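Undergrad: Below is a structure I'd like to ask you about.
The values are calculated or read from the model by the stated rules, or taken from the named source; none is laboratory data. Being a predicted model, the structure only gives us computed values, none of them experimental. Cβ sites come from the backbone with ideal geometry, for glycine too, and all protein chains shown count toward neighbours. Protein only, heavy atoms only, side chains kept; ligands, DNA and RNA dropped before computing areas. Shrake-Rupley method; radii C 1.70, N 1.55, O 1.52, S 1.80 Å.
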Amino acid sequence: MKLSLQYLNDNKGNISAVQLPVTEWEKIVDKMKKYEQLLKIKSDLIEAFADVKKMQKSKATTSKAKVLEGLKEAVDQVNLAKRGKIKLKSARQLLNEL
């Protein structure tokens, strides 16, 4: 977009202001609003991706915790079986339950 600018100078010849037609100013304002909207969308997306990452990390941590808890229970059962406190099922009995 080519702007029709007019420069105003003070007594010493320094540029003190810039003028442009209202229609061009309105175009600039419209573009700025669109850029603001895009920046807001980008910011929202970044925030949403961060939330998804947190959820995935939390889910992975929860899954790991469940696996570790299951392993701990299995080790506890094996230790109880070694002490003769419980009797473990055979592999065949476990498969028959499926």
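Undergrad: Is it the case that Q77 is in a helix (DSSP H, G or I) and either on the phi > 0 side of the Ramachandran plot or at pLDDT 85 or above (or both)?
TA: On the way: in a helix (DSSP H, G or I): yes; either on the phi > 0 side of the Ramachandran plot or at pLDDT 85 or above (or both): yes.
Yes; evaluated as a whole, the condition is true for this residue.
Undergrad: Return the pair list, or none, for Cβ contacts closer than 8 Å from residues in region 72-98 that are open to solvent by 100 Å² or more (accessible area, probe 1.4 Å) to residues that are among the small types (G, A, S), at least 6 apart or on different chains.
TA: From residues that are open to solvent by 100 Å² or more (accessible area, probe 1.4 Å), the pairs are K87/A81.
Undergrad: In this structure, is I41 open to solvent by 100 Å² or more (accessible area, probe 1.4 Å) and within 27 Å of the chain's Cα centre (by Cα)? Even if it seems obvious, please write down each step before you answer.
TA: Values: open to solvent by 100 Å² or more (accessible area, probe 1.4 Å): no; within 27 Å of the chain's Cα centre (by Cα): yes.
When the stated conditions are applied, I41 does not pass them.
Undergrad: Oh, and also: Taking region 20-38 as the region of interest, how many residues are open to solvent by 80 Å² or more (accessible area, probe 1.4 Å) and either touching a Pro at 6+ places or on another chain (Cβ under 6 Å) or within 16 Å of K2 (Cα to Cα) (or both)?
TA: Filtering region 20-38 down to residues open to solvent by 80 Å² or more (accessible area, probe 1.4 Å) leaves 22-23, 25-27, 30-38.
If we keep only those that are either touching a Pro at 6+ places or on another chain (Cβ under 6 Å) or within 16 Å of K2 (Cα to Cα) (or both) as well, we get 22-23, 25-27, 30-31.
Number satisfying all stated conditions: 7.
Undergrad: Looking only at region 49-71, which residues are open to solvent by less than 70 Å² (accessible area, probe 1.4 Å) and among the aliphatic types (A, V, I, L, M)?
TA: Hits for region 49-71 are A50, V52, A60, A65.
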